[in-house]
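A.B. asks: Submitted below is the structure of interest, expressed as structure tokens.
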Amino acid sequence: MEIYVDLERCIFCRACEVACERVHGEARITVEAVKDRASVPVACHHCEAAPCALVCPSGALTQEEAEVGFEAGKCTRCGLCVVACPFGAVDLDPASMVQKCDLCPEREVPPCVLTCPTEALIFGDRFEATEELRRRAASRIAQSYAASVGRDRA
Amino acid sequence: MTDLDAKTGVGPIHGPWRVLLVDEDECIGCRACSNLWPEISAAVGLSDRGAKRTIRFPRFIEEFEARIAKALAEACPTGAISFGLADESPGEESFALTFEMARCRICGRPFATKKEMEYIQDRIPAPVQARGSAASWMNLCTGCRQDVGRKAAARGLIVARSWPRR
């Protein structure tokens, strides 16, 4: 299971950041606008063969198939995971603990996904997520086609 | 007695005469030791001045309990920390190690020590590092890695949304 993003739907409201901060004290997902035309949330990608887990010397970051777990009790805050993450999705404030999305294992659905008002965040495995993204893309094409047909008739 | 016990002096060696030893070649300057125990962070002075990181270690550890010494040695990712006898080491109160920093290719910010980067390079598969290619993320700070990822993800969407509307 992982969090996937439908960029077409993200409206830069940053509700996911607030929801994450409410649960964890600090936001582990960040949304930024790109050229004022798109907004892109970034959180842990839960890589296969995740570099952060490969370099973690204390075993706090663990690779569990398609998820990268984090156990704060084992973390020594050495910061090597921050330098090893290709996406810049791991954060370590000198005054606090490593911040990385752990998919909220104690919850059925992560609060960021529940909060997203446009359902831009999709929680599922990659097959479920691609299926949903395909369905949405197909429906967008169908709608714009229907609209153009309507315009030609008018 | 385990290796760690031998290094930290738990067992036959303990008491006020123990001193902190750091292997200069092994230490990568990651700050795990200074992060671990807030009570010693004041003694371990850090400065990211310029493109150098300086970590200052106290030499004498008489105020530490054995379990803290052990935890410090355990936290060190490269096993650079050990404890020895005071009369076998220089008598200074503290000592400093200085590390060259790697700078972000885009924003120029020093974001990690060069030795940290070497440590990471040794552990990540070469294809993931994408070194030598223009797209390699290894020489970027975390903020610029996010920016590059965002721009790449939004490229198609921006083209579509810039299309003149009829």
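A.B. asks: Given the options A:ARG77, A:ARG151, name the one that is at the interface with chain B (Cβ under 10 Å from one of its Cβ atoms), among the basic types (Lys, Arg) and part of a loop (DSSP other than H, G, I, E, B).
C.D. replies: Testing whether each residue is at the interface with chain B (Cβ under 10 Å from one of its Cβ atoms), among the basic types (Lys, Arg) and part of a loop (DSSP other than H, G, I, E, B) leaves just A:ARG77.
A.B. asks: Step by step: first the residues of the stretch A:1-12, then only those that are more than 9 Å from chain B (Cβ to nearest Cβ) and either in contact with a strand residue (DSSP E or B) (Cβ under 8 Å, 6 or more places away or on another chain) or free of Cβ contacts under 8 Å to residues at least 60 places away in the same chain (or both), then the one that is farthest from A:GLU71 (Cα to Cα). Which residue is that?
C.D. replies: A:ILE11
A.B. asks: Name every residue in the stretch A:27-45 that is part of a loop (DSSP other than H, G, I, E, B), under 19 Å from B:ILE158 (Cβ atoms) and either facing chain B (nearest Cβ under 8 Å) or in contact (Cβ under 8 Å) with a residue 24 or more places away in the chain (or both), in order of residue number.
C.D. replies: A:LYS35, A:ARG37
A.B. asks: Across the stretch B:140-159, which residue is farthest from the other protein chains (Cβ to nearest Cβ) among those that are among the basic types (Lys, Arg) and closer than 10 Å to A:VAL34 by Cβ?
C.D. replies: The selected residue is B:ARG155.
A.B. asks: If you check B:ALA130 against the conditions, is it at the interface with chain A (Cβ under 9 Å from one of its Cβ atoms) and loosely packed, with under 15 Cβ neighbours inside 10 Å?
C.D. replies: Yes; evaluated as a whole, the condition is true for this residue.
A.B. asks: Which residue is nearest to B:MET117 (Cα to Cα), if the candidates are limited to the stretch A:81-104 and must be out of contact with any Ser or Thr (no Cβ under 7 Å at 6 or more places or on another chain) and not hydrophobic (A, V, I, L, M, F, W, C)?
C.D. replies: My answer is A:PRO86.
A.B. asks: Let me ask you something else. Listed residues A:LEU121, A:LEU114; which is modelled with pLDDT of 95 or more and either small (Gly, Ala, Ser) or surrounded by fewer than 18 Cβ atoms within 10 Å (Cβ to Cβ) (or both)?
C.D. replies: Values: A:LEU121 fails: either small (Gly, Ala, Ser) or surrounded by fewer than 18 Cβ atoms within 10 Å (Cβ to Cβ) (or both).
Exactly one residue qualifies, and that residue is A:LEU114.
A.B. asks: Touching a Pro at 6+ places or on another chain (Cβ under 7 Å), under 23 Å from B:LYS115 (Cβ atoms) and of a type outside the set (D, E, K, R): which single residue out of A:CYS56, A:CYS78, A:CYS52 fits that description?
C.D. replies: Just one listed residue meets the conditions, A:CYS78.
A.B. asks: Give the residue, chosen from A:GLU64, A:GLU48, that is within 13 Å of chain B (Cβ to nearest Cβ) and out of contact with any helix residue (DSSP H, G or I) (no Cβ under 6 Å at 6 or more places or on another chain). Reasoning before the result, please.
C.D. replies: Working: A:GLU64 fails: within 13 Å of chain B (Cβ to nearest Cβ).
Residue meeting the stated conditions: A:GLU48.
The values are calculated or read from the model by the stated rules, or taken from the named source; none is laboratory data. Model, not experiment: these values are computed from the prediction. Ideal geometry is used to build each Cβ from the backbone, glycine not excepted, and the neighbour counts take in all protein chains shown.
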